[in-house]
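Everything below concerns the one structure shown next.
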Amino acid sequence: MPVLLLVVFINFVGIGALIPVLPYTVIETLGLSATVMTLLLASFAMAMFLSNPLLGRLSDKIGRRPVLIASLFINALAHLWFAFSDDILQMFAARILAGLAAGNTGVIQAIIADRVGSADRARYMGLFGAAIGTGFVAGPALGGLLSGIGSGPLHQAPFLLAAGFSFLALVLSIRIEESASMQPASASPKQTLIPRIAGMLRSPLALYAVAFFCLNLSFAQVEASFVLLLRDYLGFGARQTGWLFTYIGVCIILVQAGLINIAVRRFGEVGTVGFGASLLVIGQLLTVVMALGLLIGNDYPLVQMVVATTAVCFGFGFSNPALSAAASNAAGAATMGGALGTVQGFGSLGQVGGLVLAGPLYHLGGAQYSFGFGAVITCILLTIALYLRRQPASA
C-alpha cells in the first residue's frame with residue numbers, strides 16, 4: 001500500500017509543480033494568453049480522461065501490476081521531456097504524454113479496492129486522497145521554490161525532481177506482488193469501450209460518474225483561475241503562489257488523513273459528499289464576493305483569501321475520497337478496474353471542461369465569473385448527493 005500511495009503522490013506532484021509557474025512561463029516568458037495557459041493544463045486532463053478507462057480495462061485483462069509499471073515509466077520520460085522544453089508545442093506534447101500515463105489513477109484505486117473490504121474502503125480512499133493532498137503540498141511548493149534555479153526554463157528544476165520521483169516509484173512498483181484479485185478477469189465478457197461506457201451509464205454507477213464530472217468541473221477553477229486571482233488580487237509571484245498552494249495541500253491532508261473517517265461515521269459516504277459539497281460552494285461564493293470587493297475585511301485581502309480557500313479545500317477534501325469509496329462499493333468486483341477507470345475518466349472530462357472554460361471566463365469577467373460558474377456546478381453535485389443518499393445502500 002505505501003508504494004501505491006507514493007505513485008499517487010508522484011502523479012500529483014507532476015500536476016502541482018506546474019501550477020505556480022504557469023502564469024510566468026506561458027504568459028510572461030512566452031508572451032501567450034491566459035487561455036493558452038489553461039489549455040496547457042486541460043491537455044493533461046484530457047489525456048488522463050482518455051487513458052483512465054482504457055488503462056483500467058487493460059488492467060482487468062492483463063493484471064494491474066504490468067499496467068502500473070508501464071505507466072510509471074512513461075510518466076518519468078514525460079516529466080524529463082517537459083523539463084527540457086522551452087517551446088509551447090513541445091510543452092503540450094509532454095503534458096499530453098504525462099496525462100496518458102497518469103490515467104493509472106483508476107488502476108491504483110482498483111488495486112486498493114481489490115485488497116480491502118468494503119467496510120474499510122472509505123479509510124483507504126481517505127489515504128488515497130491524502131496522497132493527492134501531499135502531492136499538492138509538494139508539487140506547488142517545489143514548483144514555486146525551485147523555479148528559476150539553473151540556466152534552463154523556469155520549470156526545469158521542479159520537473160527534473162518530479163522525474164526522479166517517478167523513476168523511484170517505478171523501481172518500487174516492480175516489487176509489488178500481483179495478488180489473486182489483481183489477476184486478469186478472464187471470465188468477464190469482452191466488450192468494446194463504447195458499449196462498456198453505455199452499459200455503465202445504465203447502471204447504478206451512472207450518477208457517480210456524473211457526480212465525479214461535476215466535482216472536477218467545479219474544482220478545476222481552483223487549478224486555473226485561482227493562480228490568476230493570486231497574481232491579480234494579491235500581486236503574488238511564483239514562490240508566494242507556491243506557499244499558498246502548500247497551505248491548500250495541508251488542508252486536504254488534514255481532512256483526508258483523519259477528519260474524513262469522523263465524517264463518514266457521522267454522515268455515511270454519500271452524506272459526506274454532500275457535506276463536502278456544501279463547504280465547497282460556500283468557499284466559491286466567498287471568493288466571488290471577495291473578487292467583487294464586497295467581502296468584509298478588504299484591508300486584509302490575504303486573510304480573506306485564506307478563509308475562502310480553506311472552505312474550498314475542506315469541501316473538496318471531504319467530497320473526493322467519500323465519492324471514490326461510494327463508487328467502488330457500487331462497482332462489480334470482476335470489472336472493478338474498468339468501472340472505476342471509467343468513473344474517474346468522467347472526472348477527468350470534468351476537469352478538462354473546467355480548465356478549458358476557466359481562461360475565457362476569467363477574461364470575460366474575472367474571478368467572480370469562473371468561481372461563480374464553479375458554485376453553480378457544485379450545487380448540482382450537492383443535488384446529486386442528496387438524491388443518492390435517499391437511495392437503498394448497495395450490497
Yes/no for Thr287 being closer than 28 Å to Ala322 by Cα and hydroxyl-bearing (Ser, Thr, Tyr)
yes
Scanning for something among the polar types (S, T, N, Q), farther than 28 Å from Ile27 by Cβ, assigned to a helix (DSSP H, G or I) and modelled with pLDDT of 90 or more, does the range 47-67 turn up at least one residue?
no
Looking at the range 335-342, is at least one residue at pLDDT 90 or above and over 19 Å from the mean Cα position of the chain (by Cα)?
no
Residue hits (the range 17-44; touching an Asp or Glu at 6+ places or on another chain (Cβ under 9 Å), of a type outside the set (Val, Ile, Thr) and either assigned to a helix (DSSP H, G or I) or within 17 Å of Val107 (Cβ to Cβ) (or both)) are Leu41
Can you confirm whether Leu89 is of a type in the set (A, V, I, L, M), assigned to a helix (DSSP H, G or I) and under 18 Å from the mean Cα position of the chain (by Cα)?
no
Every residue from the range 26-74 that is within 20 Å of Phe159 (Cβ to Cβ), of a type in the set (Val, Ile, Thr) and surrounded by 22 or more Cβ atoms within 10 Å (Cβ to Cβ)
Val26, Thr38
Among the residues of the range 283-303, what is the count of those that are under 18 Å from Ser370 (Cα atoms) and over 20 Å from the mean Cα position of the chain (by Cα)?
11
Condition met for Asn320 (out of contact with any Cys (no Cβ under 6 Å at 6 or more places or on another chain), surrounded by fewer than 24 Cβ atoms within 10 Å (Cβ to Cβ) and either in a helix (DSSP H, G or I) or at pLDDT below 80 (or both)):
no
Kindly check whether there is at least one residue in the range 231-244 that is part of a loop (DSSP other than H, G, I, E, B) and crowded, with 24+ Cβ neighbours inside 10 Å.
no
With the condition kept exactly as written, say whether any residue in the range 10-23 is of a type outside the set (A, V, I, L, M) and at pLDDT 80 or above.
no
Determine if the range 15-35 includes at least one residue that is more than 30 Å from His363 (Cβ to Cβ) and free of Cβ contacts under 8 Å to residues at least 24 places away in the same chain.
no
Restricted to the range 24-33 and to residues being touching a Ser or Thr at 6+ places or on another chain (Cβ under 9 Å) and of a type outside the set (Ser, Thr, Tyr), the residue modelled with the lowest pLDDT is Ile27
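The values are calculated or read from the model by the stated rules, or taken from the named source; none is laboratory data. Remember, predicted model here, so these are calculated numbers, not experimental data. No Cβ is skipped: glycine too gets one built from the backbone with ideal geometry, and neighbour counts run over all protein chains shown.
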